[in-house]
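Worksheet: the structure to be examined is printed underneath.
The values are calculated or read from the model by the stated rules, or taken from the named source; none is laboratory data. Every value quoted in this text rests on a predicted model; they were computed, and no experiment measured them. Cβ: placed from backbone, ideal geometry, glycine included. Neighbour counts: every protein chain shown.
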Amino acid sequence: MNKKFKNFQEKRMYIFSEIVNRYWNDKLKDKDDLENLAYDIKEKYGFEEKDMNFIKNHIRVAMGLDPSTNERFEGEMKNIKEIKKVNNPIVTKIDGVCDYCEKDCNCKDTCKYESNIYKRTKGPIIENNRCLDCGDCVKECDFGALADKIEFVPLIDMLKDENTKVYATVAPSITGQFGDVTMGQIRTALKLMGFEDMIEVALFADILTIKEAFEFIELVQDEEDFYLTSCCCPVWFKLVQKKYPELFEHMPPSISPMIASGRFLKKIYEGSKVVFISPCIAKKAEAKEEELRGDIDFVLTFRELKEVFDTLNINLSRLANDEKDQASFAGRVYARTGGVSFSVKSVVNRLNPKRLIKLKSKKVDGAKDCNKLLSDLSSDQKIDYNFVEGMGCKGGCVGGPRTNIDVAKATSLVNEFGEDSLIMTPFDNENVVKILSQFKVHDINKMMQNEEIVNILKR
C-alpha cells in the first residue's frame, strides 16, 4: 500500500483549506500561484513528480472545476472569476492512483443498485447517465480516485461583493454538525463571511408538507391507491425515475425543500443568490438538473463548511447568538428517516380528521432497501401501506456522506431541535403565512389554488 495516497479524504480537505486561505487573502491570483500550491502539497505529503497531475486535478476539483490532462495550469483562475455555476458531472474520476490500490479498493463493492462502477479497466468507470450521485463511492474511495467538486471558491467573490445579496439556506440536519453551538451562532458566522442571512430549509419543508398532504387526500381514494413522496431525497427520486418508471405516476412532480428555498427567496429578494448547505453530494447534482438549474446557485456540504470556518478562524462558540424560530417540529424532522411521513400525516389529520382512509406510511432508508421496496411495489404485491417515503442514506439526511457527526447522535439532536421549536405543525407556522402573503395567499387552505404558488412548487 502506498502511504502517500492513504487517507486521502483528509489530504483533500487540506488542499481545499489551502485554496480557501490563499484565494480569500488574495494570494491565489494566477497560474504560477496554483503551480506553487501544487508543489507545496507535493512536498508536504511526499508525492513524486509523476503524481503532479493527480495533485493538480484535486486542486481543480476543489475549486469546482473539471479535471484535466494538462500538465500545467492554464485558464483556471480566469474560469473561476467568470463561472456563475459549477457544471456536471459532480462526481469525477481522477487518474493516477488506481494502480496503487487494486488490492484494497472498496469501490467495486459500493454501487450495485443503479450507477455501476466497473473493475474491467484500471480504476472505476462512472456512468453519469445512470449515477444517482449518492456519494457512497466518493466516501469509500480512500485513495482519492473519486471526488466531488467543491463549490465554495466561485462563491467567494460574491460574498465579498457588497452589491450581491447571498442567502444561506441550511438543511434540517445541520443541528449539532458544528459542535455544541446554537443555530443562532451559525447564523452569525455565516453573516461574518458575507451572507445576508441564514434561513432554515425546514421552513420550506413545511410548505411542501402542506402540498403533499393535499395531494395525498386527492390521490389516495381507496385501499389500492398509494403515494410516493418526491419532495425530499434526490437519490430516491432518481431511483424511481430511472429504474421504476411504471411507479413514477404515483410520485407527484414536487420540487424539494432545497429548490423551494431558492425559488421563494429569489422571488421575494430579486437579484439575490442562494447557497444550500447540507450533508449531501446528491444535492449538488439536483441543483444542476435542467429544469431546476438556477434555483440554487451553489451547494456546500457540512464537511466543507467546517473546513471554511476553521480556515477563516471563525470560532462559533464565541459568537453572538442570532436566534430565529423559523420552522415547525414537523419541518425540522425531515432530517431523519420517517420525518416526512410524520409531517405529512400530521397535516392530513389536521385537514381531514374524519377521513376513512388513514395515512399508513412505509419508510425505508439506504439505496439497497429503497431499491428492494420499489422492486416489491412494481411486482404488484399486496401492500398494507399507502404513503411511501424513501431516503437514499441510512438514517436519512443525518446519514449523508458529508456529515461531521455519527448518525445516532445526529438523529437525537435533530429530534431535540424539533422539540425545541415553538411551532408544532406547518399550519401553525406564521412564517409560512408571511411567505404566502407575499403571493396574495392569506389562507393556508387555499395555498394550492394560487397559480403562482403551484408553479413555484412544481418540478
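In summary, Asn313 fulfils each of the numbered conditions (1) crowded, with 24+ Cβ neighbours inside 10 Å; (2) closer than 17 Å to Phe152 by Cα; (3) of a type outside the set (Ser, Thr, Tyr) with the single exception of condition (1).
Taking Val414, is it part of a helix (DSSP H, G or I), in contact with a helix residue (DSSP H, G or I) (Cβ under 8 Å, 6 or more places away or on another chain) and without any contact (Cβ under 8 Å) to a residue 24 or more places away in the chain? Taking the combined requirement at face value, the residue does not satisfy it.
For the criterion of being outside the structural domain of Glu304 (by TED's automatic domain parsing), at pLDDT below 85, farther than 18 Å from Glu304 by Cβ and touching a strand residue (DSSP E or B) at 6+ places or on another chain (Cβ under 8 Å), Lys84 fails.
Being part of a loop (DSSP other than H, G, I, E, B) and free of Cβ contacts under 8 Å to residues at least 40 places away in the same chain is the filter here, so list the residues in segment 443-459 that pass it.
Going through segment 443-459, the residues part of a loop (DSSP other than H, G, I, E, B) turn out to be 443, 450, 457, 459.
Selection gives Asp443, Asn450.
Pairs, please: C-beta under 6 Å, at least 6 apart or cross-chain, first residue assigned to a helix (DSSP H, G or I) and in segment 183-197, second crowded, with 22+ Cβ neighbours inside 10 Å? Listed by first residue and then by second, the contacts come to Arg187/Met198; Leu190/Ala168; Leu190/Met198. Which of the numbered conditions does Phe216 fail, given that it passes all the others? Conditions: (1) under 18 Å from Leu132 (Cβ atoms); (2) modelled with pLDDT of 90 or more; (3) outside any loop (DSSP other than H, G, I, E, B); (4) not aliphatic (A, V, I, L, M). Answer for Phe216: the failing condition is (1). For Cys232, the conditions (1) within 16 Å of the chain's Cα centre (by Cα); (2) part of a helix (DSSP H, G or I) all hold with the exception of (2).
State whether one or more residues within segment 373-391 are surrounded by fewer than 21 Cβ atoms within 10 Å (Cβ to Cβ), part of a helix (DSSP H, G or I) and of a type in the set (Asp, Glu). Yes: segment 373-391 contains one or more residues that are surrounded by fewer than 21 Cβ atoms within 10 Å (Cβ to Cβ), part of a helix (DSSP H, G or I) and of a type in the set (Asp, Glu). Scanning segment 205-250 for residues that are of a type in the set (Phe, Trp, Tyr), crowded, with 24+ Cβ neighbours inside 10 Å and closer than 15 Å to Phe387 by Cβ returns Phe216, Trp236. Among all residues of segment 162-172, there is at least one that is assigned to a loop (DSSP other than H, G, I, E, B), in the same structural domain as Ile314 (by TED's automatic domain parsing) and surrounded by 24 or more Cβ atoms within 10 Å (Cβ to Cβ). When Glu35, Glu74, Glu43, Glu18 are checked against the criterion of being among the acidic types (Asp, Glu), exposed (fewer than 15 other Cβ atoms within 10 Å of the Cβ) and part of a helix (DSSP H, G or I), Glu43 stands alone in meeting it. If you check Lys354, Lys288 for being under 26 Å from Lys149 (Cα atoms), of a type in the set (Lys, Arg), at pLDDT below 95 and outside any helix (DSSP H, G or I), only one passes: Lys288.
Specify which of the listed residues (Gly331, Gly366) is in contact with a Pro (Cβ under 7 Å, 6 or more places away or on another chain), farther than 27 Å from Trp24 by Cβ and not assigned by TED's automatic domain parsing to the domain that holds Trp24. Spell out the reasoning first.
Values: Gly366 fails: in contact with a Pro (Cβ under 7 Å, 6 or more places away or on another chain).
The match here is Gly331.
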